[in-house]
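Have a look at the structure below before the remarks.
The values are calculated or read from the model by the stated rules, or taken from the named source; none is laboratory data. Keep in mind it's a predicted model, so treat the numbers as computed, not measured. Here the Cβ is made from the backbone with ideal geometry for all residues, glycine too, and neighbour counts use every protein chain on show.
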Amino acid sequence: MHNKLKICGILTMALIANIGLSAGIAGDAEAASHGDEAAFLQIVPETEIKTDDFVFRQYNLGVLSHYSYLIGSGGEAMIVDPARDIGRYLDDAKALNLKITRVYITHSHADFVAGHMELAKACGAEIVVNADTQAGYPHKPAKDGDAITFGNVRGVVVTTPGHTPDGTCLYVYHPATASDPDFVLTGDTLFIGSVGRPDLMGEGMTASALARMGFHSWTKKLSKLPDATKIFPAHGAGSLCGAHLSDKPVSTIGEQRIENPYLQHKDLNAYVMAVIDGLPEAPQYFKHNAKMNHDGPPLVDWDNVVPPALAPAEVDALAKSGAWVIDARDAHPFSARHPAGAINIGIRGRFETWTGIMIPWGEPFVLVGSDEEVRGSAFRLKRIGYDAPAGFLKGGTEAWAQASLPVNTIKLVKPADLHRQMQDGTAPIIVDVRLPAEWMGLRIGNVLNIPLNALFTESKRLAKDLPVLTVCNSAYRSSMGAAVLQKMGFTDVYNMEGGSEAWIEAGLPTLGATAASGVPAPAVRAVRLPERLSADELKRMIMDMPGTFEMVDIRPAAQFADYNLPGAMNADVADVIANPAYLVGPAPLVLLDRDGSIAMAVGGILSQKSPRPIKVLYGGLEAYWRGSSAPAPVPAASAPALAPAPIRAPASSTPAPAKPAAPKKKSAGC
């Protein structure tokens, strides 16, 4: 069985935790999905429109970072990129006195199974999809420029390959006679802060070929739209269909011109390199979901999703023959007792995605949990095409134990107890299973980093008879990691209760120190401060070394527009703190503000998270203007439009694009 144990790579970088005088972890995209509401379609209230002749609703399925849409007018409704479980759309259309007559699919999605066949059956709705898709189900093929009109709404199909060859966007006009679209449903072509990854076609088409198409889709089509045009994508923060997606549900073309880092590349080759750089292996279930969506997913009997009940002996026999055992309970009950070899994928989080990553497609699996957890698990797994569990463990872990079958436990360690063990040298080997960027941003001490997606292979460096403890942000991923270690034969496995969030709540230090003698010293918080830069020093840098550093002015946009330094870019304070893009780069980051106070605080936060050189203009721009030797500020008429000058590394003749101000980014990690 061990040769099958592989987790496909996770694409999105984690949101690095804020570290300040009162250290804490900012909630990431997965943590935001740890609630009952995130497991079902929710209306996004701030984007809803409802008038006498027009209805627009954006739905968010938090556990999949999936946005879908209802557009209604003239008694009709069209659903765009629906989830497979369509009950919410049906209920809302009925309440709004609308008949769902059409389903629009922007492309063959890979990360979830869409509900187009379900809606076609339930409502007789016509499915509209790009003719180039050559879909394997009854549909109306659409070509570039085709219009879909109902009531006082007109939708225009625009082919925008890039993420996939059949990608499209839907330009929505209201009233139907309007000359410019009110908004654009961009599918996976253009995300807020990102673009669709171009590497999901396997051997069918290279990632660079698709990235080239995506460049032309932006430069020749989407970029021609007015700046005020709103864009609504099919995914948000936490999706594995792109990198560094924002958690904002809506943006505009104008904002993306400035804020989207990929769109800053003005030449084709630079764009292609940026889009395909660093792409890991896609989750293995993606290609199967894409095929299901292309061919037409089988219909689901949603009233009968619970798999057969299996006696403990039957589950044991299946496990011994290679079936996976998925325990959907939370970390605490799982740790107390679970069937040997079970993997803990808690239903409270991104259960669908993690199952699709952990459990190979087509292999048998059995569910473990309460009746409610089993039913919820089976229901939700339909969303990614895991339609046929072999069954569920009847009677749960109690019945398993009563049958005298092998049981495992995972010892939960409280943060204070672990900290004490770390001080007296009795702690187990500590494995942080978060992504490297998370681990770099905040760690509980000198601990080993093996990301969960590499644990099956990288943990082979460890002796299986030594005690090992796993840790993450909230104990969701670390419980999964501890179960993986047990499945691989580790005999003494622990999990830190509550994760790093509980560690910080307990007031424990986030970094430790070791004396040169090798004797552990009391843990302390490492303090790295930004370098203070005088006005004259900055002047010399601007005059003598242009392009070798990045200047970010964190004053309000109106103040920046009044005057600014040549080559400076404007960014919101919160964005600079939260966006991991500012933590990396080939050149120093120089922070500017009015009097140096806020910039010094922000610089202190960034310095805790990154080895990148951070410099702060001492005294701020007020001191800069007072210095008689400083050059004059750029007047508003000639100031750059909130966009940075190109940044290049020292001793390099090739300019590298600057990182623009960007909305807050979040992760798929927990």
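Quick one: is Tyr69 among the aromatic types (Phe, Trp, Tyr) and assigned to a strand (DSSP E or B)?
The answer is yes for Tyr69.
Might you check whether a residue that is in the same structural domain as His66 (by TED's automatic domain parsing), assigned to a strand (DSSP E or B) and either under 29 Å from the mean Cα position of the chain (by Cα) or crowded, with 24+ Cβ neighbours inside 10 Å (or both) occurs anywhere in the stretch 108-119?
Looking for residues that are in the same structural domain as His66 (by TED's automatic domain parsing), assigned to a strand (DSSP E or B) and either under 29 Å from the mean Cα position of the chain (by Cα) or crowded, with 24+ Cβ neighbours inside 10 Å (or both), one finds at least one in the stretch 108-119, hence yes.
Given (1) under 23 Å from Leu200 (Cα atoms); (2) touching a helix residue (DSSP H, G or I) at 6+ places or on another chain (Cβ under 7 Å), identify the lone condition not met by Ile100.
Status for Ile100: all satisfied but (1).
Which members of the stretch 151-180 meet the condition of being surrounded by fewer than 21 Cβ atoms within 10 Å (Cβ to Cβ) and over 27 Å from the mean Cα position of the chain (by Cα)?
Passing the criteria: Gly151, Asn152, Arg154, Val156, Tyr173, Pro175, Ala176, Thr177, Ala178, Ser179, Asp180.
For residues that are at pLDDT below 85 and in a helix (DSSP H, G or I), scanning just the stretch 576-624, find the one that is surrounded by the fewest Cβ atoms within 10 Å (Cβ to Cβ).
Residue satisfying both the conditions and the ranking: Ala581.
Check whether at least one residue in the stretch 270-279 is farther than 21 Å from Ala39 by Cβ, of a type in the set (A, V, I, L, M, F, W, C) and assigned to a loop (DSSP other than H, G, I, E, B), and report yes or no.
So far as the stretch 270-279 goes, yes, one or more of its residues are farther than 21 Å from Ala39 by Cβ, of a type in the set (A, V, I, L, M, F, W, C) and assigned to a loop (DSSP other than H, G, I, E, B).
Which residue out of Glu372, Glu352 is free of Cβ contacts under 8 Å to residues at least 24 places away in the same chain and in a helix (DSSP H, G or I)?
Glu372
Being modelled with pLDDT under 90 and surrounded by 14 or more Cβ atoms within 10 Å (Cβ to Cβ): is that true of Ala523 here?
yes
Looking at the stretch 194-245, which of the residues that are under 22 Å from the mean Cα position of the chain (by Cα) and among the charged types (D, E, K, R) is modelled with the highest pLDDT?
Lys230
Got at least one residue in the stretch 244-267 being basic (Lys, Arg) and in a strand (DSSP E or B)?
For the stretch 244-267, residues basic (Lys, Arg) and in a strand (DSSP E or B): absent.
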